[in-house]
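Derivation of every value follows stated rules applied to the coordinates shown; laboratory data play no part. Given the structure is predicted, the values throughout are model-derived calculations rather than measurements. Cβ: placed from backbone, ideal geometry, glycine included. Neighbour counts: every protein chain shown.
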Amino acid sequence: MKIDVLTLFPGMFSGPLDDSIIKRARAEGLLDLAVHNLRDYTHDRHRTVDDKPFGGGPGMLLKPEPIFEAVEHLARDQTRVILLSPAGRTLNQAIARELARQEHLLLVCGSYEGVDERVREALADDELSIGDYVLTNGALPAMVIIEAVTRLLPGVLGDDQSSHDESFSGGLLEYPQYTRPAEFRGLEVPEVLLSGNHAEIAKWRAHQAKKRTREQRPDLLEQKRRDGLME
Ligand code: 9D3
């Protein structure tokens, strides 16, 4: 897969993408990633990327010309152009899986100022947020998407991990897990896990997963009910 990123902060991308699974995916040619500075698509002496909103109001907006020029330069027929903004659909595992099937992603990072609406109207195939909190720009969200998508590309992770994901995507949080020692600073591993009784262990895990989901993420149980996956 090819991923291009368009950002005002290309420097933020060195480090996170040079490590771990993304580093390996790039080295093995499974991921071709390039980060582009939006200012390189300006033509004036000050490399201007923003301007005041028509109609007034606080702050500035990313102006359309540099973004249009950059996208027209970088996009091909198969490209999915994704605008990152707090007003987008919220990223989830289903969206990550869909993005992982694309040939080419072009991630356009928003900035605190917001973008001229014509970018949305005429350029973006999709608008994504990573959650309901305010960041200063779309660079970290772009890296989150790159990470979530890259680990789903064929050959990046072992089969083990992929099948494990499927069960998480089944809609519950994970059950509690323990490793040695069986007692640590007076904290004990639940007896059933040491019992060797695999039927009992499976029952315990299912119960714990459901309890944890009810306590931490009741919205996931509600979603399963709506999807008709329960009882
Ligand atoms: C001033 C009103 N703001 C709307 C809440 C405008 C605004 C705030 C922050 C516009 C852009 C930004 C910068 N954030 C992103 O570009 C962004 C983001 C985010 O802040 N949270 C979660 N996901 C994303 S994806 C891009």
| task | Starting at the first residue of the range 28-41, write each ³J(HN,Hα) from the Karplus equation 6.51 cos²θ - 1.76 cosθ + 1.60 with θ = phi - 60°, in whole Hz, x for Gly and Pro. | result | 8, x, 7, 10, 10, 10, 9, 10, 10, 8, 4, 5, 5, 9
| field | In sequence order, calculated HN-Hα J values of the range 84-91 (Karplus, 6.51, -1.76, 1.60; Hz; x Gly/Pro) | value | 9, 7, x, 8, x, 4, 7, 4
| remark: For the range 166-226, the dipole about the Cα centre with charges only on Cβ (Lys and Arg +1, Asp and Glu -1), to the nearest 20 debye, works out at 280 debye
| request: Mind listing the long-range amide H neighbours of SER129? Cut-off is under 5 Å, sequence gap 5 or more, other chains count too, H placed in the peptide plane at 1.01 Å from N. | output: SER85, GLY88, ARG89, THR90, LEU91
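Using unit Cβ charges (K, R positive; D, E negative) and no other charged atoms, how large, in debye to the nearest 20, is the dipole of the range 1-114 about its Cα centre?
Values: 14 positive and 16 negative charges, 54 e Å.
That gives a dipole near 260 debye.
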| Least to most buried among MET230, MET12 (fewest other Cβ within 10 Å first) | MET230, MET12
| query | Say the dipole of the range 17-100 comes from +1 at the beta carbon of Lys and Arg and -1 at that of Asp and Glu; which of ALA34, ASN92, HIS46 then lies farthest toward its positive end? | reply | ASN92
| task | Sequence neighbours fewer than 8 away in the same chain don't count; with that in mind, list the aspartates and glutamates whose C-alpha is under 16 Å from LYS63. | result | ASP40, ASP44, ASP50, ASP51, GLU72, GLU113, ASP116, GLU117, GLU121
| query | Build a GNM of the chain with springs between Cα atoms under 10 Å: which of HIS46, HIS198, HIS104 gets the top mean-square fluctuation? | reply | HIS198
| task | State to the nearest 20 debye the size of the charge dipole of the chain about its Cα centre, where the only charges are +1 on K and R beta carbons and -1 on D and E beta carbons. | result | 540 debye
| task | Before rounding to the nearest 500, sum -39500 (n - 2.57) across all DSSP H runs of length at least 4 in the chain and divide by the residue total; then give [θ] at 222 nm in deg cm²/dmol. | result | -11000 deg cm²/dmol
| field | Efficiency of FRET between LEU220 and LEU194 - r from beta-carbon atoms, R0 22 angstrom, step 0.05 | value | 0.15
| said: Students often forget the sequence filter, so: which lysines lie under 25 Å Cα-Cα from LYS211 once same-chain residues fewer than 8 apart are removed? | reply: LYS203, LYS224
| request: Among DSSP beta bridges whose residues both lie in the chain, state the antiparallel percentage, nearest 5. | output: 20 percent
| So in the range 1-106, what percent of DSSP beta bridges are antiparallel if you round to the nearest 5? | 15 percent
| query | Can you tell which of LEU83, PRO16, PHE68 lies farthest toward the positive end of the dipole of the range 2-150, using +1 and -1 charges on the Cβ of basic and acidic side chains (Lys, Arg; Asp, Glu)? | reply | PRO16
| D (Stokes-Einstein, µm²/s), Kirkwood Cα radius, the chain, 0.692 mPa s at 37 °C | 160 µm²/s
